[in-house]
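One structure is given here, and the rest of the page talks about it.
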Amino acid sequence: MAQPVGEQVQVQIKADEKELVGQFCNLVMFHHNAEEFTLHFIYVFPNVPQGKLASSVIVAPAHAKRILRALGENISRYEAQFGPIREVSEATPVPNVGFVQ
């Protein structure tokens, strides 16, 4: 039976404890082509010139745009509640990052 247009459906998401706990990442690399955006979430070790890929997420361009909008809305709500987020100084060098096998 078809669902009426505009009716909300509750989606049940299954997740193991590992996914629910999450992983800390301090670097995200973005790549894109005509069909997809790839986000590589990376942890770069402090005081060591190496890091570890924690996760890669691949999404369609339209979904990437929804993520951008949702992130912007959530940052605005966060700053309204807790104050402005301090950004790292532009004088801090951006690491030159590449993948190894």
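So here's what we get for this one:
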item	result
The chain - mean residue ellipticity at 222 nm from DSSP helices (-39,500 (n - 2.57) per run, n ≥ 4, rounded to 500)	-8500 deg cm²/dmol
Degrees, to the nearest 10: 61-82 long Cα axis against longest axis of the chain	70
Residue among PHE24, PHE41, PHE82 with the largest mean-square fluctuation in a Gaussian network model of the chain, springs linking Cα atoms under 10 Å	PHE82
Theoretical gain in end-to-end length, ASN26 to ARG69 [0.36 nm per residue, Cα-Cα removed]	13.4 nm
Projected-area average for the chain over all orientations - Cα convex hull basis, square nanometres	11.4
From phi via Karplus (6.51, -1.76, 1.60), per-residue ³J(HN,Hα) for segment 15-27 in Hz, x at Gly/Pro	8, 7, 4, 4, 5, 5, 5, x, 9, 7, 10, 10, 8
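FYI, it's all coordinate maths here, none of it is from the lab. Note that the coordinates shown come from a computational prediction; the quantities given were computed from them, not determined experimentally.
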